[in-house]
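Enquirer: Below is one structure. I have some questions about it.
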Amino acid sequence: MGSALPPDGFTLLGGRIPYIEGPLKVTGRAEYTDDLQRPGMLVGRLLRSPWAHARIRSIDVSAARSLPGVYAVLTGERYPTPFGVLPITHDETAIAVGKVRYIGDILAAVAAQDEPTAERAIALIRVEVEPLAEHTDPKVGVTPVTDPIHDRGLNGSNVQKEVAQHFGDVDAAFARAAQTVRVRGSFAGVTHAFTEPMATIAEATPDGRLTVWSATQVPHYLHRALSEVLGLPMHRIRVIKPEVGGGFGGKSDPLPHEIACAALALETGRPVKVLFDREDVFLTNHGRHPTQNDLRVAADADGRLLAYDLSAVIDGGAWSSFGTVTTYYNGVLAMGPYRVPNFRYHGRRVYTNRPPSGAMRAHGGTNVRYTVEVALDELAEKVGIDPFELRRRNALPPHSTTVNQFRITSTSFLACLDAVRAASGWDAAFRQLPYGEGIGLGCGFYISGSNSPIHFTPKMPQSTVHLKVDMDGGIAVHSMQADIGQGSNTLLAAIVAEVVGVALERVHVIRVDSDVSPIDLGSYSSRVTFMMGNAARRAAEDLRTRLVRGASELLGYPPEQIRVGRERFEVAHRPDVSVTYLEALHRAMERTGALTAAGAYSSPPMGGSFKGARAGTAPAYSFAAYVARVRVDAETGEYRVGKMWAAFDCGRPLNRLAVEGQIEGSIHMGLGQLMGETLNYRGARLMNPSLLDYKIPMPAQMPEVECLLVGEDDPEGPFGAKEAGEGPLVATLPAVANALYDAVGVRFTDLPITPEKVVKGIELRQREGRPWKGE
């Protein structure tokens, strides 16, 4: 049928839209997993390994099973099927089978009537092991080792994944280079530090079904893993995602405790809850990988880039998780936002006997971006040009292709540079501030969703949205996209309301429930706005077409002459001739009853044919340019970021409130990694598994942030939008590091940058006779 004429302008999108769940959250009415109660619910507890690496000789659970009030005790042999978020690397088990691989690995699971009984049962379990060699240094693990952590390690080593790529001729580029720079980066592991700990409830009912409520970013992947490990067909499993109190990637794997909880429910026939304390969260980890990278940059005499030569050794911890993707991303995400005609990368992700690393906000792009941006700052100094000018000379143009065949559609990177340079007063400050004060530039580039789905069968859209509207006029929206606090439910509702022309309050996003929610792959890789947004728009347009037909019949004008107004349908150029939304709806319902509509999105084919070609490909990319201003106490090494100017290209910002919140939150998280957050180990033992000892930045350490939303509409994004959830993080760290160099003349390549490192860096520079700013 004909389509409605588009509205003259947006009524919601592009504004500042308060989160629709905000009133429930601020009044304590929003339901998280731990808030849920089921009749007769048991308490689940996990026995964790005190050994980093050991072969299990025996586990005696007889005393625990005989304890009154204990309903089930499980060990790994009951459900031994391996699983993992990536189908090519299934190496995790719900409960350890054969051996344990890190301190915190799950040895047994207990379901009991209450917490004290569960804790006593855990204490009664007796385990005998044969200790094995502990592996904590990934650089050692790249060669054959005694007692490899996994049999699948390459050639008897602990290497989980190795990537070697070469585009162009790097050696020839370096041979003709006028300038070269080398930066060796070292990055401690960091974790997500989300507010809500992991929690799962599972219930097996007499009708043969299993229902699982869990704090997850990936309901669909959890659904698959439960089916694979427990041996139940997916249609007998129902996965529900309540509100999630933050994830940042830490809940984007199906996790062992979720499957163990479900297994306990199957064994007991009773509901079971597993709720983590903060130490459990730290031991589950899946945070940012500790990384050692080495980057050489070649440029001509004018500072135009000729080549990158990059290598990385990545500490993966005990499991694969997203590790295959991680290994690629630590190389290929070095490419933007610049033209690099020759590129070589050698990356190795190595198993260690430490808690598993995984996906964390700006997964795979944060550490390598830091090294690139610090190297480019040094290169600009060697060439003798301003850091902004160096970036301008090398910026990727729109509608171009990188040497490794990333398809670039829209980019407003140059506009980002111009906006942040002007706003920050760069020209009057760079290298002109007094000793101890500095200003620095850092730039960024990140994917708007992974082009390639994790599972290739069955072939299906990456996001699907269903709408249902009945005679009351309320629009129920169903999608498995996972709102984890970033505001995607609000955006979903706003897109539907905008397209259909109704008030936002008419649109109700139904919580994720695999029985009624069509599949969306989840909240990771900054995919939700782009993929869910396009699916939602198409579903809303489908619904609008049916409503326009109803209005057309009532008004006696053809559909192509009907304009969508605010809760009305009008005849074009005759606004006095109209019907209300409800009148059009009721007419449209006369034939079919309640109206339903659907929309779906799959990204177009892209990438090359070489191995790993899909890694890093995305339907669009975000771009960023940040400037930080710092003040350093050269005596103590203490420093403070006073202000951050953040120019970000997310295409058209659909909810400015949410985008600015994402930028500010990303800056806070980036400052944490830069200034002090670290997972501290003594050998294989994590020494700071609590928020008392893991130091996230305090509110007083947060700088003033000026958000500059710079971007043209992306041709394929929903209403021109691109991602704004992860990309805003990556420019934060190098902007501050380059500002520290401007302040005190020291390059920092070992993160976090603590006051002690600042003092040592200044002392070393002074001993080498390199004065700075007339000190």
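Enquirer: Hey, which of the strands (runs of 3 or more DSSP E) in region 130-217, taking only ones fully inside, have at least 2 residues that are farther than 30 Å from HIS346 by Cα?
Expert: In region 130-217, the matching strands (runs of 3 or more DSSP E) lie at 199-204, 210-214.
Enquirer: Which number in (1) over 17 Å from HIS668 (Cβ atoms); (2) buried (at least 24 other Cβ atoms within 10 Å of the Cβ) marks the one condition that ALA731 misses?
Expert: It fails just one condition, (1).
Enquirer: Only one of these conditions is not met by GLY565: (1) modelled with pLDDT of 95 or more; (2) touching a Ser or Thr at 6+ places or on another chain (Cβ under 9 Å); (3) open to solvent by less than 40 Å² (accessible area, probe 1.4 Å). Which number is it?
Expert: GLY565 satisfies every listed condition except (1).
Enquirer: Still on this structure, please answer the following. Working only within region 62-81, note down all residues that are within 39 Å of the chain's Cα centre (by Cα), in contact (Cβ under 8 Å) with a residue 60 or more places away in the chain and open to solvent by less than 60 Å² (accessible area, probe 1.4 Å).
Expert: Within region 62-81, ALA72, LEU74, TYR79, THR81 qualify.
Enquirer: Within region 718-727, does at least one residue satisfy the condition of being in contact with a Lys or Arg (Cβ under 7 Å, 6 or more places away or on another chain), hydrophobic (A, V, I, L, M, F, W, C) and open to solvent by 10 Å² or more (accessible area, probe 1.4 Å)?
Expert: Looking through region 718-727, at least one residue is in contact with a Lys or Arg (Cβ under 7 Å, 6 or more places away or on another chain), hydrophobic (A, V, I, L, M, F, W, C) and open to solvent by 10 Å² or more (accessible area, probe 1.4 Å).
Enquirer: Still on this structure: Being in contact (Cβ under 8 Å) with a residue 60 or more places away in the chain and in contact with a His (Cβ under 6 Å, 6 or more places away or on another chain) narrows it down to one residue among SER514, SER448, SER525, SER463; which is it?
Expert: SER514
Enquirer: If only one of ASP309, ASP315 is assigned to a strand (DSSP E or B), at pLDDT 95 or above and surrounded by fewer than 22 Cβ atoms within 10 Å (Cβ to Cβ), which one is it?
Expert: ASP309
Enquirer: Residues GLU378, GLU373: which one is open to solvent by 10 Å² or more (accessible area, probe 1.4 Å) and touching a residue at least 24 places away in the same chain (Cβ under 8 Å)?
Expert: GLU378
Enquirer: Could you grab me the full set of residues in region 568-577 that are closer than 23 Å to LEU504 by Cβ, of a type outside the set (Asp, Glu) and open to solvent by 30 Å² or more (accessible area, probe 1.4 Å)?
Expert: Those that are closer than 23 Å to LEU504 by Cβ, of a type outside the set (Asp, Glu) and open to solvent by 30 Å² or more (accessible area, probe 1.4 Å): ARG568, PRO575.
Enquirer: Sticking with this one: I'm trying to understand the selection: among the residues of region 107-129, which are open to solvent by 10 Å² or more (accessible area, probe 1.4 Å) and either assigned to a strand (DSSP E or B) or among the aromatic types (Phe, Trp, Tyr) (or both)?
Expert: The answer is ARG126, VAL127, GLU128, VAL129.
Enquirer: Further, regarding this structure: In region 457-497, what count of residues is obtained for those that are acidic (Asp, Glu) and open to solvent by less than 10 Å² (accessible area, probe 1.4 Å)?
Expert: Residues in region 457-497 being acidic (Asp, Glu) and open to solvent by less than 10 Å² (accessible area, probe 1.4 Å): 1 in total.
Enquirer: If you go through region 277-293 one residue at a time, how many are in a strand (DSSP E or B) and open to solvent by less than 30 Å² (accessible area, probe 1.4 Å)?
Expert: Count: 4.
Enquirer: Given the residues THR11, THR93, which is the only one that is closer than 30 Å to LEU709 by Cβ and of a type in the set (S, T, N, Q)?
Expert: Testing whether each residue is closer than 30 Å to LEU709 by Cβ and of a type in the set (S, T, N, Q) leaves just THR11.
The values are calculated or read from the model by the stated rules, or taken from the named source; none is laboratory data. Nothing here was measured: the structure is a model prediction, and the numbers come from that model. Reconstructed Cβ throughout: ideal geometry from the backbone, glycine too, with neighbour counts over all protein chains shown. Heads up: the accessible areas ignore ligands, DNA and RNA and are worked out on the full protein's heavy atoms, side chains in. Shrake-Rupley method; radii C 1.70, N 1.55, O 1.52, S 1.80 Å.
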